1. Here are some residues: LYS71, LYS29, LYS78. Which one is open to solvent by 30 Å² or more (accessible area, probe 1.4 Å), more than 27 Å from ILE182 (Cα to Cα) and of a type outside the set (Gly, Ala, Ser)?
2. Can you confirm whether ARG187 is basic (Lys, Arg) and either at pLDDT 90 or above or out of contact with any helix residue (DSSP H, G or I) (no Cβ under 9 Å at 6 or more places or on another chain) (or both)?
3. Any idea which residue in segment 277-310 is surrounded by the most Cβ atoms within 10 Å (Cβ to Cβ), counting only those that are of a type in the set (Lys, Arg) and over 18 Å from LEU265 (Cα atoms)?
4. Would segment 126-135 turn up any residue that is among the charged types (D, E, K, R), over 19 Å from the mean Cα position of the chain (by Cα) and under 26 Å from GLU202 (Cβ atoms)?
5. Which numbered condition trips up PHE179, out of (1) closer than 29 Å to ASN64 by Cβ; (2) under 17 Å from the mean Cα position of the chain (by Cα); (3) not in a helix (DSSP H, G or I)?
6. Do we find that ASN269 is open to solvent by 30 Å² or more (accessible area, probe 1.4 Å), at pLDDT below 90 and over 21 Å from the mean Cα position of the chain (by Cα) in this structure?
7. Of the residues that sit in segment 197-208 and are open to solvent by less than 60 Å² (accessible area, probe 1.4 Å) and over 15 Å from LEU171 (Cβ atoms), which one is farthest from the chain's Cα centre (by Cα)?
8. Take the conditions open to solvent by 20 Å² or more (accessible area, probe 1.4 Å), free of Cβ contacts under 8 Å to residues at least 12 places away in the same chain and more than 17 Å from LEU27 (Cβ to Cβ) and apply them to ARG215. Does it pass?
Amino acid sequence: MEYVIEMCHITKEFPGIIANDDITLQLKKGEIHALLGENGAGKSTLMSVLFGLYQAEKGVIKMNGQEVTIKDPNDANKLGIGMVHQHFMLIEPFSVIQNIVLGTEDTKGLFIDLEKSRKKVISIIEKYGFNIDLDEKIQDITVGSQQKVEILKALYKGAEIIIFDEPTAVLTPQEIVEFINICNNLRNEGKSIIIITHKLDEIKKMADYCTIIRRGKFIDKVTVSESSQKELAEKMVGREVNFSVNKKETEVGDVVLDIKDINVLNNRNLPALSGLSLNVRKGEILGIAGVDGNGQSELIEAITGLRKVESGSISILGKDITNKSVYDIIESGISTIPEDR
């Protein structure tokens, strides 16, 4: 069988670690293929090799049966490979249309022919069922719409193979449904898709096949329709998985962290937190829910002294730590593990 992409026996090493150890991945035309593994399993590294961000020490990449060399993302784009990264690469003050055509603009003499580019983008939007305003600025649209811009960028450049790195991590449940519909439309038009993920329910909803890697090694390739979530999970982590959780109700104590009516600005001096109040009690785990970019990072930075609190107060064990130094806050008993660790 001929595959549109074959990554054969790929090995990628970094100092002191083998991120990908003899991994093979095969993708057919018109297929949605999930790349499953825990955090740190080597999924993003493998796809960065395919997109030309990294060079493998061993192994070959074949396209339609022919060996190809991908030295950088420009080579990948020329071969029809696009990648939508988990953290979007958009210029926020620019409009949607400007971001899509940037670097590949149609020209009329010495000038950019934006109208010609716009017609091409509109035809793509209509073909694949996107819903987006081309003239809005990136900074004014939702995270879900920003992801659509990244997909449109790849399609505008002629991508036949699209790699998604943890695409639903930043989306609301409604946006996830829309994303799955977009992927199905792309597949129906003959596009081939690789999705890096560890979300088993979404794999079951949309993927045809799944390659599983663990600690940098190839574990298995399975047909998704023939595999249960439990089987996928056990292959991913290497042990039996129990999906049911039985635990006693915890007893919570007094308030240890008290946040009252705080206002915090983001890096663009726009409100990130407006009148936010919450508290955490002894023996309690408090979850902060929200898609990426909705103030979670600014909240943590405000608590830990990395970002100024414009108004309001933060106290721990009754002691006011608002806008104290990082050292003073650590001494008060607060520590943090950053999101990139």
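The values are calculated or read from the model by the stated rules, or taken from the named source; none is laboratory data. All values derive from a computational prediction rather than experimental measurement. Cβ sites come from the backbone with ideal geometry, for glycine too, and all protein chains shown count toward neighbours. Ligands, DNA and RNA are stripped out before the accessible areas are found, and what is left, the full protein with its side chains, is counted by its heavy atoms. Shrake-Rupley method; radii C 1.70, N 1.55, O 1.52, S 1.80 Å.
1. Sole residue among the options that is open to solvent by 30 Å² or more (accessible area, probe 1.4 Å), more than 27 Å from ILE182 (Cα to Cα) and of a type outside the set (Gly, Ala, Ser): LYS71.
2. Against the criterion (basic (Lys, Arg) and either at pLDDT 90 or above or out of contact with any helix residue (DSSP H, G or I) (no Cβ under 9 Å at 6 or more places or on another chain) (or both)), ARG187 qualifies.
3. Applying the filter and picking the extreme gives ARG281.
4. Within segment 126-135 (the criterion being among the charged types (D, E, K, R), over 19 Å from the mean Cα position of the chain (by Cα) and under 26 Å from GLU202 (Cβ atoms)), the answer is yes, since at least one residue qualifies.
5. (3)
6. Spelling it out, ASN269 is indeed open to solvent by 30 Å² or more (accessible area, probe 1.4 Å), at pLDDT below 90 and over 21 Å from the mean Cα position of the chain (by Cα).
7. Among them, the one singled out is ASP208.
8. No.
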